[in-house]
Amino acid sequence: MSIFTPTNQIRLTNVAVVRMKRAGKRFEIACYKNKVVGWRSGVEKDLDEVLQTHSVFVNVSKGQVAKKEDLISAFGTDDQTEICKQILTKGEVQVSDKERHTQLEQMFRDIATIVADKCVNPETKRPYTVILIERAMKDIHYSVKTNKSTKQQALEVIKQLKEKMKIERAHMRLRFILPVNEGKKLKEKLKPLIKVIESEDYGQQLEIVCLIDPGCFREIDELIKKETKGKGSLEALNLKDVEEGDEKFE
Amino acid sequence: MVLNSLDKMIHLQKNTANIRNICVLAHVDHGKTTLTDCLISSNGIISSRLAGKLRYMDSREDEQIRGITMKSSAISLHYATGNEEYLINLIDSPGHVDFSSEVSTAVRICDGCIIVVDAVEGVCPQTQAVLRQAWLENIRPVLVINKIDRLIVELKFTPQEAYSHLKNILEQINALTGTLFTSKVLEERAERETESQVNPHSEQGEQVYDWSTGLEDTDDSQLYFSPEQGNVVFTSAIDGWGFGIEHFARIYSQKIGIKKEVLMKTLWGDYCINMKAKKIMKGDQAKGKKPLFVQLILENIWSLYDAVLKKDKDKIDKIVTSLGLKIGAREARHSDPKVQINAICSQWLPISHAVLAMVCQKLPSPLDITAERVERLMCTGSQTFDSLPPETQALKAAFMKCGSEETAPVIIFVSKMFAVDAKALPQNKPRPLTQEEIAQRHERARQRHAEKLAAAQGQAPLEPTQDGSALETCPKGEEPRGDEQQVESMTSKPVLQEEDNQESFIAFARVFSGVARRGKKIFVLGPKYSPLEFLRRVPLGFSAPPDGLPPVPHMAYCALENLYLLMGRELEYLEEVPPGNVLGIGGLQDFVLKSATLCSLPSCPPFIPLNFEATPIVRVAVEPKHPSEMPQLVKGMKLLNQADPCVQILIQETGEHVLVTAGEVHLQRCLDDLKERFAKIHISVSEPIIPFRETITKPPKVDMVNEEIGKQQKVAVIHQMKEDQNKIPEGIQVDSVGLITITTPNKLATLSVRAMPLPEEVTQILEENSDLIRSMEQLTSSLNEGENTQVIHQKIQEKIWEFKGKLEQHLTGRRWRNIVDQIWSFGPRKCGPNILVNKSEDFQNSIWTGPAAKASKEASRYRDLGNSIVSGFQLATLSGPMCEEPLMGVCFILEKWDLSKFEEQGASDLAKEGQEENETCSGGNESQELQDGCSEAFEKRTSHKGESPLTDCYGPISGQLIATMKEACRYALQVKPQRLMAAMYTCEIMATSDVLGRVYAVLSKREGRVLQEEMKEGTDMFIIKAVLPVAESFGFADEIRKRTSGLASPQLVFSHWEIIPSDPFWVPTTEEEYLHFGEKADSENQARKYMNAVRKRKGLYVEEKIVEHAEKQRTLSKNK
């Protein structure tokens, strides 16, 4: 018979609860805040830095410890530490403030890096820096969605940024080689998709070097394939048309 | 306000013999600007009461606030002595190290300089620097020892002490001059020796025995500063007095009756006077006799200060009457002793007289320009004067003559461009007030007055020049003038508003020969112009109108639009400027960037570039606060680049706009200028992005505590070892030598890839030949297309073989056998310092073979799939696994590629699908790229390709190959010991021997490594060569200057990439390491620090704990 007296009562503060349902029962463990994600990613290796106590609970806030029989029936063992590890890796986590914050910040940076990587200033054909993009993203009040991939979000950001500043996807340089007889017809169809035609060469075959928006690549690819029935070909000369090298003002 | 009217100035400008172009040079805070103030006040431009407080030449707001000069600016002064009238073009220069470029611009257009030294502080680092600059430009210096009053008031020296202190300072300076002189003589001698080695017949006998340094033969007595030669003046600019010993020699020769010449020789030095005998004797300090200087000069001044400070009214009156001075009642009654001293001394020993008299006597006029200096100016780099074309050599005479005849060629040197608010220009002054100008009304009121004078001068001759040649010069000057007539008219306002925002550039220049006239057409020769080039392009004796000349690089032809007399912050209109004068030229901003030579003859060589003591080293990246303001920023930076002689501006490949300045103060000024004048936008400043490279090394033989690894067993750090294994996901086999075998998601193709570090030399060769590799790439790609239009150039072909030979030479040994022949591609971007090697048996498509081997169908099919593999390699090399930076010096070896399953499956459809497949592959590169970028298109692709047997749910085979190859390369890297490579600067530091230790301390703190240290011959300067990671270079220049009190100044140049030896993923594993570093090894790991910084910046996952100690988090109470 245990008596609840202040001396044998351990109060836990700053608890982050990790829950798991197993064999129809709910098990909980008490962890420190901001640590569970670190454990899962392998950065934190010391279990004592993660767990507040090694005991497995049914309800942490009420302080109800799980019964031994339940543990054995659910986990097949009564080793509390082992069970804690299992719950830690597989249970539902309550993401803490700092963890969420770093995650959002990381994604934000990642998006900005992707945008900076894909885009150029159309006037100078030079990329914008990541810091500038980050600032622009803050200006348009872009909020990161954790459930979408950063790449998807980056494309969205580009669309939104276009309204605010001079930014464009870096063009892709392509070369088409088309049979002459179909070439002319096809060229008309391709025209709306092409940004700039750099050179045209009518020889035995029609050869066009042009710049396109990378988003249109697939359409162009399909169009050529369909129209020429496999006789035309296209080749990417340059994935990103960007000024290279440093420029010095003189 | 201006007592000496413009008329007088113009008149004086014509008398070349009486012009002195001088500049004031000194260490920061030694009183250049105060001295200049005193000299200006002698001309009545500012009140003598304000002299020293106003700092008239510091016209910028930040100059006044910070109390330091930041730019050199000129003013023309008039000085009359006896019946000679002189025009002195005085240039005030900044003393701060960061602005030593401004000093260079000033020194170039002067003939002499005043070196100011603080009597208390003595010789300081910048004093050395400016002396050196003056020396290099071959201009003659005179010395002003300033702030003598501090010796009396602050240090409370006795006259005797002060004398020995002054003597010390003089000795220091002369020692400096001496070292400059000896180093020059030694240099000349070294030159002579090399020459004599070339033609050994000349003076052979003499050379053999000549072990002396040649110092003895060269006369150096003229060089040194000494009061008896009259090139030293003692002053106190703040109290407005100064004297040379000549002044006292004159007084005492009357009083005592000793000849002035004798006194001149003996007033300074170890002489004493026997008053009774009226004889001057060689003094002996030991006898306790006072030297003449103390007895006759210093004691008088001391007693005056004493009297005034003690407020001894009677004594003051006595002194004043004995000196025959009149002191105004107001000054006499003034309670502040400073005011009294100022009033008495400035009458007794007027500073302007002492200094200007010395300037006029001791410094050369433009006519006295030495042949040596002319030759130096005209010979760029290693050229000698004799090698110049004869037309050019002929110009030397014009230089020497400095003639003002019509026939004399006009030669003008522009040493810098400075920006002036368009409204400060004389022609724009009277205009309706705009809102922001109201604050400046006070200043403008004064300018108005000047304008009236200028208009009276400028208006009349303006009209006749309008016809003919000067036609295009006028509209700009005319328009605002029109407004003057209809001052308040509303219609003209928008036009003016526009002009308001414009910065007008004025060239800071000097006429070396001929007369500069408004509207005169002249050649503008850039620093890189070569007269030889011109003479080659243009037939001799051309007579065609100069406009019709063929274009010559770095040369332009334009008219002198506006000429100005520079009067500090004001400008006065001039019609013409005779030779030997300093002037401002407007309207050159489109032709001159920073400096240029203007000449009426194209055969003139450009003057040698200004030699800057400080090269720009402080780098920052600048960005607009609002991204949409980018164009303004770029425009502003272009203007800044023109306005500042020492700033560098780069746009980097990353899109950063980098501003490189000489120091922190200079940086601050540049930023202020950008914000307020040139760009007029908010900007933010950050450290520029530091590039890194990733590479791999051979596995180490010793651990971190230098114990051999093989001998000791690993301590069981089980989970850490596991961790390493976990990096490689399942489905990939790794063997013991790091061979990665990986299969595409559709299980049809298998690749085996291994990564090996390239020897350092090979990486270097690849770096050097990137252009060649690129052209090779272009060649093969055009040949692949089947166009044989481009015939391989013989030279290129030779170069390629040479390149191949070099590679073979360095890639020797068992492991590298035949590898050069199997090189498939370089990367990233097909020309980088990484190699892809194909070791499979049927490989025949190496970069060396060119188009020959691609005839068979088999080969072409391989080529198409091969393209995907090469693209995979390119992607892998573009961003490495550590922090997505490009790779460097890595060789990927494709040991096997098994496409058998794929071929089996494809064989049946091959015949009809051959063409199609072809396409898929060539397009595949990008489709994969796009999948990486945007998953949106993925499904589309597969659905449309659904009918093709070659594709399945994993997308086209080519795309899969790219991804697989990329993965394979990454894993192959990860199983090897990875290292970061840091960009390194070579750093050259000049330092005196006493600060050497501190230089080393700063270097080692910043992970620098000293390569070499040697003493400069003839001086006590050491030259230290070191390398320093770019990442550590921010604030380096500033720190080293601070730690060495400015005695060492570094110069940084990018040199190479270097592997950082520490392993970014290192954790202690062996027992020894455990003992040494502990379990966590929290001692800082340089490579990891860099890697994590980059990863954080890019938003990549960083292996860092969000919270280090769980228990130490803030405990939140229940109700917060």
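Below are the figures for this structure:
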| read-out | value |
| --- | --- |
| Carbon plus sulfur fraction of accessible area for region B:289-425, probe 1.4 Å, in percent | 54 |
| Per residue accessible area of region A:74-197, 1.4 Å probe, in Å² | 50 |
| Sequence-separation-based contact order of region A:97-169, relative, with Cα cut under 8 Å and 6+ spacing, percent | 38 |
| With DNA, RNA and ligands ignored, accessible area of B:H810 (1.4 Å probe; Å², nearest 10) | 70 |
| Listing of region B:652-687 residues, each with accessible area lower by at least 50 Å² in the full protein assembly than in the chain alone (probe 1.4 Å) | B:E653 |
| Calculated FRET value between B:K1016 and B:S628, using beta carbons and R₀ = 60 Å, to 0.05 | 0.70 |
| Cβ-Cβ FRET estimate between A:D79 and A:V196, R0 fixed at 60 Å, reported to 0.05 | 0.30 |
| Selection from B:V660, B:L640, B:P624, by position along the positive dipole direction of region B:616-688 (Cβ) | B:L640 |
| Ranked order, B:F1065, B:F607 - accessible area, probe 1.4 Å, largest first | B:F1065, B:F607 |
| Shielded by partner chains, region B:602-632 residues - at least 20 Å² of accessible area, 1.4 Å probe, vs chain alone | B:E623, B:K625, B:P627, B:S628, B:M630, B:P631 |
| Pairwise burial A:B, computed as accessible area of each alone minus the pair, summed, 1.4 Å, Å² | 5700 |
| Fraction of accessible area attributable to carbon and sulfur, chain A (%, probe 1.4 Å) | 48 |
| Solvent-accessible surface ranking, highest first, for B:K259, B:K423, B:K966 at 1.4 angstrom | B:K259, B:K966, B:K423 |
| Accessible area (Å², 1.4 Å probe, nearest 10) - B:H626 | 90 |
| Cα-centre dipole for region A:22-162 with unit charges at Cβ (Lys and Arg positive, Asp and Glu negative), debye to 20 | 620 |
| Debye, to nearest 20: dipole size of region A:172-238, +1 on Lys, Arg Cβ, -1 on Asp, Glu Cβ | 200 |
| Inter-label distance, nm, simple model (7 Å from Cα along the C-beta direction), A:K145/B:A394 | 8.0 |
| Rounded FRET efficiency, nearest 0.05, which uses the C-beta distance separating B:E261 from B:K338 and R0 of 41 Å | 0.65 |
| Extension reserve of the B:L50-B:T812 stretch, reckoned as 0.36 nm per residue once the Cα distance is removed | 266.4 nm |
| Cα→Cβ-extended label distance, 7 Å offset, between B:F1034 and B:S775, nm | 4.0 |
| Spacing of the two label points (7 Å from each Cα toward its C-beta) at B:K315 and A:V95, in nm | 8.5 |
| Accessible surface, 1.4 Å probe, highest first, among residues B:S1004, B:S684 | B:S1004, B:S684 |
| Span-like helix ranges in chain A, DSSP H, alpha carbon extent 24 angstrom or more, Kyte mean at least -1.0 | A:97-118 |
| Residues in region B:1090-1109 that, when all protein chains are in place, have 30 Å² or more less accessible area than the chain alone would give (probe 1.4 Å) | B:R1097, B:K1098, B:G1099, B:Y1101, B:E1103, B:K1105, B:I1106, B:V1107 |
| Fraction of accessible area attributable to carbon and sulfur, region B:41-161 (%, probe 1.4 Å) | 51 |
| Dipole in debye (nearest 20) - chain A, about Cα centre, beta carbon charges: Lys, Arg +1; Asp, Glu -1 | 1020 |
| Probe 1.4 Å - accessible area at A:K90, Å² to nearest ten | 140 |
| Lys/Arg +1, Asp/Glu -1 at C-beta; region A:105-180 dipole; positive extreme among A:V130, A:V180, A:A112 | A:V180 |
| Gaussian network model of chain A, springs between alpha carbon atoms under 10 Å - residue of A:D110, A:D213, A:D46 with greatest fluctuation | A:D46 |
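The values are calculated or read from the model by the stated rules, or taken from the named source; none is laboratory data. These numbers come from a predicted model, not from an experiment. So basically every Cβ, Gly included, is an ideal-geometry build from the backbone, and we count neighbours across all protein chains shown. Heads up: the accessible areas ignore ligands, DNA and RNA and are worked out on the full protein's heavy atoms, side chains in. Shrake-Rupley method; radii C 1.70, N 1.55, O 1.52, S 1.80 Å.
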